[in-house]
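What follows is a set of notes on a single structure, which appears directly below.
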C-alpha cells in the first residue's frame, strides 16, 4: 500500500528501455498504415497521386510544428506523462481514420496523428539521457531503433495481409484500439529519483534555448537528420505503391517484400546498438564510430536509390535490403549523439529541434514524389533526387558536427557574462 503513496519502486533501466521502445514501435505501426492502405484507398476515394502525396506528408506538418513544444513539455512536466498523453491522441487519430469519408477528413486525422506522435522521440531521448548511464546509451538506442524500425515491418505485413480480407477501414480501427491499451503501462513509469547525468553538466545547470540554438552540432545533426529522413520517408511512404504499380507485385507479395525489408532494418539497428555498447565499454571514444556509421549510411543509400530503380527485380530487392542494412546501422546515432552531447538537462529540447528539422523531410518527400510521379508517370526521377540528397547528410554528420562528446553547459554559460563585463569595462575605460 505504501507504493500508492509515492513510494512505488522506480522503473528499472531495462524496463524503461523496453517500455519506451514498445511505445515507439506502436508509433511507427500507426504512422505507416496509410502507406500500406494507399493502393486500396486511392481507388476507393478517387485520389490523385498528388493528393495521396499530400496525405502521406500531412502527418509531418503538425508533427514538425509540435516537436519543439513536445521537447519543452517533456523536460517541464515529465517525459513519461507527455508520452502517455501522446499515445492517447495518436491512438484516437488512428482509430477514427477507419471511418474517414474523403480527402479532407483523412487530412485532419493525419494532422491529429502528427500532434500525438510528436511526443515520441523528445520524451524517449529525455528519459534515456536522464535515467541511463553513458555506457548504456548506445545499446538503449539500438533497442529503440529496432523497435521503431520493426514497426513498419509489422504494420506493413499485418496490414497488407489483413486489408484484402477485412478491409483497410477495419485494420485502422483494430490498430487504434490496440494502441490505446498501451497507455496504461507507459503512464505507470516511475523515473529514478536521481539524475544519472550523461554529460559534464552539473545536475543544476540547464542551458537556455538560446545556448542550444548556438551549437554548430545541433545544426549539423539537423541537416544530417533531414537527409537521412528524406530517403527513409520516401521509401516508407511510396514503397508499397512502387512495388504494386511499377513492379507489378500483388498486395500480398508487396507486404512480404516490404515487411522483410523493414525487419532487416530493425535487426541491423539492434546489431549496431550491441556493437556500439561493446565499443564504449572498452573505453573507446564514440566520436569516430558514430560519424563512420552515419557516413556509411549516406554513401550506401546513394548507391541503393539508383539500384532500386535501374536494376531488374532481383537487383531492386537486393538494393532495398542493403539500404535497410545501412539505415539500421546509423539509426542509434540519430538520438544517441544528442543524448551524449546535450545531456539530461537539454536533450528533450535539442531532440525536439533536431527532430523538427529532420522531419521536414516527411513533409516534402511524399509530396515531391507525388508531383514527380504525376508529371512523368515513373519513379525514376524521385529515386535519383533521394540519392542525390545524401550529400547533405555527409556535410551535416561529418563536416558540421563537432566531436561527439558531452558539452559543458555551465562553462559555456559562465563565459557569456564574462564577455559582457569585459566589454562594459572596456567601454567605461574609453569614456
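For the range 125-145, the condition holds for no residue, the condition being that it is buried (at least 21 other Cβ atoms within 10 Å of the Cβ) and under 17 Å from residue 36 (Cβ atoms).
The single condition among (1) free of Cβ contacts under 8 Å to residues at least 60 places away in the same chain; (2) under 23 Å from residue 262 (Cβ atoms); (3) touching a helix residue (DSSP H, G or I) at 6+ places or on another chain (Cβ under 7 Å) that residue 165 does not satisfy is (3).
Matching residues to (1) more than 23 Å from residue 169 (Cα to Cα); (2) crowded, with 24+ Cβ neighbours inside 10 Å:
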| residue | (1), (2) |
| --- | --- |
| 14 | yes, no |
| 21 | yes, no |
| 39 | no, no |
| 47 | no, no |
| 51 | no, no |
| 56 | no, yes |
| 67 | yes, yes |
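When residue 298 is tested against the conditions (1) closer than 14 Å to residue 333 by Cα; (2) modelled with pLDDT of 95 or more; (3) surrounded by fewer than 19 Cβ atoms within 10 Å (Cβ to Cβ); (4) in contact with a helix residue (DSSP H, G or I) (Cβ under 8 Å, 6 or more places away or on another chain), the lone failure is (3). A count restricted to the range 272-290 and to residues that are more than 18 Å from the chain's Cα centre (by Cα) and part of a helix (DSSP H, G or I) stands at 12.
Taking residue 127 and the conditions (1) more than 17 Å from residue 333 (Cα to Cα); (2) under 17 Å from the mean Cα position of the chain (by Cα), which numbered condition does it fall short on, given that it satisfies the others? Going through (1) more than 17 Å from residue 333 (Cα to Cα); (2) under 17 Å from the mean Cα position of the chain (by Cα) one by one, residue 127 breaks only (1).
Looking at the range 21-119, the helices (runs of 4 or more DSSP H) lying wholly inside it that each contain 3 or more residues that are under 22 Å from residue 349 (Cβ atoms) and within 14 Å of the chain's Cα centre (by Cα) sit at 49-77, 103-117.
Identify all residues within the range 333-372 that are within 19 Å of residue 49 (Cα to Cα), touching a residue at least 40 places away in the same chain (Cβ under 8 Å) and surrounded by fewer than 24 Cβ atoms within 10 Å (Cβ to Cβ); write none if there are none. Listed by number, the residues that qualify are 363, 364, 367, 368, 371. Residue pairs whose Cβ atoms lie under 7 Å apart, separated by 6 or more positions or on different chains, with the first residue in the range 301-315 and under 23 Å from residue 330 (Cβ atoms) and the second surrounded by fewer than 13 Cβ atoms within 10 Å (Cβ to Cβ), are 307/315.
The values are calculated or read from the model by the stated rules, or taken from the named source; none is laboratory data. It should be emphasised that the depicted structure is a prediction, and the values quoted were computed from it without experimental measurement. Glycine also receives a Cβ, built like all others from the backbone with ideal geometry; neighbour counts cover every protein chain displayed.
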